[in-house]
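The structure's right below; bear with me while I get my questions together.
The values are calculated or read from the model by the stated rules, or taken from the named source; none is laboratory data. Predicted model, so just to flag it, every value in this text is computed and none were measured. Glycine also receives a Cβ, built like all others from the backbone with ideal geometry; neighbour counts cover every protein chain displayed. The protein model used for the area step is the full one, side chains on, heavy atoms only, and it has no ligands, DNA or RNA in it. Shrake-Rupley method; radii C 1.70, N 1.55, O 1.52, S 1.80 Å.
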Amino acid sequence: MTEALILRTWPVQEADLIVSLLTRDQGRLKGIAKSGAKSRKRFGGALEPMTHVLAAYAEKPRQELVRLDSCEILASPLSAPIDYPRAAALAFYAEVLEETLPERDPQDAVFRLALAVLEHTRDGHIWLPVTYFALWMLRLMGWMPELSRCIVCGRSLAGQPAWYQPHADGLLCVDHRQLSSRALSAASLELAGRIFHTPIGSLADAPWQPTYAADLRRFALQSLERHLERRLRAAAALTKLSA
């Protein structure tokens, strides 16, 4: 038995499902849920993406897939209304976790991060948790560049805007920006520092409209895609929503 977050399911054979789930103690696993598509007693409503469950499973040596026996819902995203922006945010979390984390590598900090942003992802309120999640995933994976100094000259960026290249690490000062550089405002850099030192609930009083911190969010999404070496489908949907 373990706490887990459902990430994705695939149909196989008749009513069976392959399930990708992020467990708290074993990391990301894949399992086979026999009759998962129709068994309401063992899986009813529990296999929707980003559902927090108590999963019962068994595994055998030298078998890649575990046998997923049942899932008890601890918290479901379906317990509240889901509009398109919230659905896009939930899909973004699931896609990033699926693509970022190797199998069977426990990441308790990532699991706690996912639970925290899920708690604050509500209809009409997605931009804070999406931004918070993207920045913290970069940091937890070791992909977050230094945000306080120019990588060329070492100049402090405190209170100053910065620039970055979508296909390169690090931030640039005004003297070393390039024609293809994207801008990060001083306010967004200050917000990034607050995010790394503040629980998500303490940031909810900010005016998190779609355009708020859009440059910071774009920086985080592009950085994730660069390190993953692939485009994120859900990130594209979120970018359109904030345009």
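Could you check how many residues of segment 8-26 are open to solvent by 10 Å² or more (accessible area, probe 1.4 Å) and under 12 Å from Phe111 (Cα atoms)?
Matching residues across segment 8-26 total 3.
Follow-up. With the requirement that a residue be of a type in the set (A, V, I, L, M, F, W, C) and at pLDDT 95 or above, what does segment 20-55 give you?
Those that are of a type in the set (A, V, I, L, M, F, W, C) and at pLDDT 95 or above: Leu21, Leu22, Leu29, Met50, Val53, Leu54, Ala55.
Let me ask something else. If you check Ala80 against the conditions, is it free of Cβ contacts under 8 Å to residues at least 60 places away in the same chain and either of a type in the set (Asp, Glu) or open to solvent by 20 Å² or more (accessible area, probe 1.4 Å) (or both)?
In short, yes.
With respect to Arg182, is the statement that it is over 19 Å from the mean Cα position of the chain (by Cα) and at pLDDT 95 or above true?
yes
Hey, Leu171 hits all of (1) over 16 Å from Thr131 (Cβ atoms); (2) touching a Gly at 6+ places or on another chain (Cβ under 9 Å) but one; which does it fall short on?
(2)
Now a separate question. Looking at segment 133-147, I want the residues that are under 16 Å from Gly170 (Cα atoms) and have a partner that is surrounded by fewer than 19 Cβ atoms within 10 Å (Cβ to Cβ) and acidic (Asp, Glu) with Cβ atoms under 7 Å, at least 6 apart or on another chain. Which pairs are those?
Pro145/Asp169
Within segment 27-55, how many residues are under 21 Å from Leu115 (Cβ atoms), open to solvent by 30 Å² or more (accessible area, probe 1.4 Å) and either of a type in the set (A, V, I, L, M, F, W, C) or free of Cβ contacts under 8 Å to residues at least 24 places away in the same chain (or both)?
1
Among (1) out of contact with any Pro (no Cβ under 8 Å at 6 or more places or on another chain); (2) free of Cβ contacts under 8 Å to residues at least 40 places away in the same chain; (3) surrounded by fewer than 20 Cβ atoms within 10 Å (Cβ to Cβ); (4) farther than 21 Å from Arg112 by Cβ, there is one condition Leu65 misses while meeting the rest; what is its number?
(2)
A further question follows. Looking only at helices (runs of 4 or more DSSP H) that fall completely inside segment 172-243, which ones have 1 or more residues that are open to solvent by 20 Å² or more (accessible area, probe 1.4 Å), without any contact (Cβ under 8 Å) to a residue 40 or more places away in the chain and among the acidic types (Asp, Glu)?
Here the list reads 186-195, 214-228.
If you go through segment 113-165 one residue at a time, how many are within 17 Å of His227 (Cβ to Cβ), touching a strand residue (DSSP E or B) at 6+ places or on another chain (Cβ under 7 Å) and open to solvent by less than 30 Å² (accessible area, probe 1.4 Å)?
Within segment 113-165, residues that are within 17 Å of His227 (Cβ to Cβ), touching a strand residue (DSSP E or B) at 6+ places or on another chain (Cβ under 7 Å) and open to solvent by less than 30 Å² (accessible area, probe 1.4 Å) number 2.
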